Each structure stands twice: as C-alpha cells, then as structure tokens.
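Shown next, in structure tokens, is the structure this report addresses.
The values are calculated or read from the model by the stated rules, or taken from the named source; none is laboratory data. Owing to the predicted nature of the structure, the values given are computational and were not obtained by experimental measurement. Reconstructed Cβ throughout: ideal geometry from the backbone, glycine too, with neighbour counts over all protein chains shown.
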Amino acid sequence: MRLPAILIATLALFSPALQSLEAGVDLSAGFSIGWPTGQINDYAFGAVGVGGTGRFGVDLGDNLALFGQFSYIDLGLEQGFIPRDITNSTLALDVATDFYFMHIGPGFTFKKKRGNLRPYLDLFGGVTVHSTLSRVSSRNIQPALVEYSKTEGTTWHAGLDIGLKMMIWTHLHPRGEQFIEDIFLDLRLGYLTGGNIEVLDWRQTRFFAGELHLKNLGSRTDMLLATIGISIAF
C-alpha cells in the first residue's frame with residue numbers, strides 16, 4: 001500500500017471521533033531507540049538506531065483510544081573497507097552507508113483512564129519507509145573511483161507496545177474548564193515485525209575486470225523500540 005493511502009486511511013479512522021468535541025485528545029512526543037533484529041543487525045549500522053516518535057490519540061471510551069503514530073529511526077553511518085582487486089588485497093575501497101526507517105500508521109490503545117500511574121497496551125500497524133545511501137570510493141588508487149548506491153522503498157509492519165504514563169502535572173479546576181488536563185512522563189517498550197527489504201551488502205561488493213560489482217542483502221524489518229517522552233491530555 002502506498003504512503004498516501006495509509007495517511008488517508010488514518011485520517012478516515014479519526015474523523016468520526018474528531019467530530020465530537022467531548023472526545024479526549026492526547027498528544028505525545030519522545031526520544032526513541034531501535035534495535036533491528038533482522039539480518040541487517042549483523043552490520044554496525046544495524047546494531048542500534050536513534051530517533052523520535054510522535055503520536056496523536058483520540059479517546060473512544062474510558063479504556064480505549066485510537067491513535068496515529070509516526071516514528072523515525074536512523075541507524076547511523078557505517079564505514080568499512082573492501083578489496084578493490086581480488087588479486088591484490090592491499091588495494092581497498094572505502095564504503096560509507098547511511099540507513100534510516102520511518103514507521104507511519106494507526107493503532108489502538110487499551111489503557112487505565114485515571115490515576116497517577118496509568119499502564120497501557122498498544123496494537124498498531126502501518127507502512128515502513130526505508131532508505132539507504134552507500135558511497136564507494138577510492139582516493140589513493142588510479143583511476144579514481146566514486147560510485148553511489150541507493151536503495152529505498154516501502155513495506156508493512158505490525159506490532160504491540162506496553163507502556164506506563166506517570167502524571168507530573170494536573171490542573172486544579174473541574175475537568176473541562178482547562179485546555180490542558182494532564183501532563184505525563186511516558187515510558188514505552190514495543191516490538192514490531194515487518195516485511196522484507198533489500199539493502200547494499202557492502203561486504204560482498206567487489207571490484208574486478210575493471211568494474212564494480214554490487215550485491216544486495218535481503219533482511220526482515222523486525223525491530224525492538226524503546227521510547228521516553230512527554231504526553232499531554234487535552
């Protein structure tokens with residue numbers, strides 16, 4: 001499913017709840033760390049990623065909410081060296097690869113409505129956008145070589161979160177009289193499973209017969225995600 005279709009479907013899910021001014025609204029944003037568990041985890045850039053998560057939620061009842069979520073995880077830059085010529089291992093190519101994920105989609109939250117400590121469980125799914133950019137270069141060998149390889153695309157994901165909201169501020173007036181009702185510290189740990197993607201397998205890249213030969217690596221997009229942030233209830 002294309003990204004615009006996912007966004008339209010998410011807005012369509014929210015529209016009935018947004019028509020009611022009585023619906024509780026929740027906004028949250030936080031810092032996220034991601035650990036891929038697919039084959040890309042064998043590479044340095046797959047060990048851990050950092051980024052952020054944003055969420056907009058609407059109450060459907062005392063213990064149920066619908067939300068839309070966006071998260072960005074950058075797996076960072078990995079640099080390595082590969083043989084330029086299989087007959088001379090002292091000749092090497094520099095390889096630098098940058099890799100990121102974006103997750104977009106709707107979900108449902110099952111939660112405790114009241115109290116200073118509010119545990120919750122999320123079920124979610126949507127589209128994963130991925131992109132890698134690799135630069136293969138040689139500066140000390142003639143003829144000079146600079147070549148780029150880019151892989152990008154979309155796939156699906158689905159997963160669940162467990163979380164805990166800890167109240168750090170609340171208003172002193174009757175509910176409904178203030179724009180902001182409560183502010184929470186939001187702690188969340190989740191796991192998502194996703195479809196297959198292909199990225200440049202730079203360890204299998206070789207230069208011989210005057211040409212650069214590239215090879216892709218197939219990998220799942222499964223990931224463990226931890227988020228700490230702030231949640232505001234309106």
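Miscellaneous remarks
Every residue, every condition in (1) out of contact with any Pro (no Cβ under 9 Å at 6 or more places or on another chain); (2) free of Cβ contacts under 8 Å to residues at least 24 places away in the same chain; (3) aliphatic (A, V, I, L, M), yes or no:
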| residue | (1), (2), (3) |
| --- | --- |
| Lys150 | yes, yes, no |
| Gln178 | yes, yes, no |
| Gln204 | yes, yes, no |
| His213 | yes, yes, no |
| Asn216 | yes, no, no |
| Leu224 | no, no, yes |
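- The single condition among (1) crowded, with 18+ Cβ neighbours inside 10 Å; (2) at pLDDT 95 or above; (3) farther than 15 Å from Thr227 by Cα that Leu64 does not meet is (1).
- Selected residue (criterion: surrounded by the fewest Cβ atoms within 10 Å (Cβ to Cβ)) from residues of the range 105-141 that are farther than 30 Å from Glu78 by Cα and among the aliphatic types (A, V, I, L, M): Leu117
- Scan of the range 193-232 for residues that are farther than 25 Å from Met102 by Cα and crowded, with 18+ Cβ neighbours inside 10 Å, ordered by number: Thr205, Phe207
- In the set (1) within 24 Å of Gly30 (Cβ to Cβ); (2) aromatic (Phe, Trp, Tyr); (3) modelled with pLDDT under 90, the condition left unmet by Phe81 is number (1).
- Test for Val146: is it aliphatic (A, V, I, L, M), surrounded by 18 or more Cβ atoms within 10 Å (Cβ to Cβ) and modelled with pLDDT under 95: no
- First in the range 154-169 and of a type in the set (D, E, K, R), second anywhere and in a strand (DSSP E or B), Cβ under 6 Å, 6 or more apart: Asp161/Asp122; Asp161/Arg188; Asp161/Gly190; Lys165/Arg118; Lys165/Phe184; Lys165/Asp186; Lys165/Ser231
- Ser134 meets the conditions (1) closer than 22 Å to Gly52 by Cβ; (2) assigned to a strand (DSSP E or B); (3) at pLDDT below 95 in every case but one. The failed one is (1).
- Here Leu172 meets each of (1) under 25 Å from Glu78 (Cα atoms); (2) at pLDDT below 95 with one exception, condition (1).
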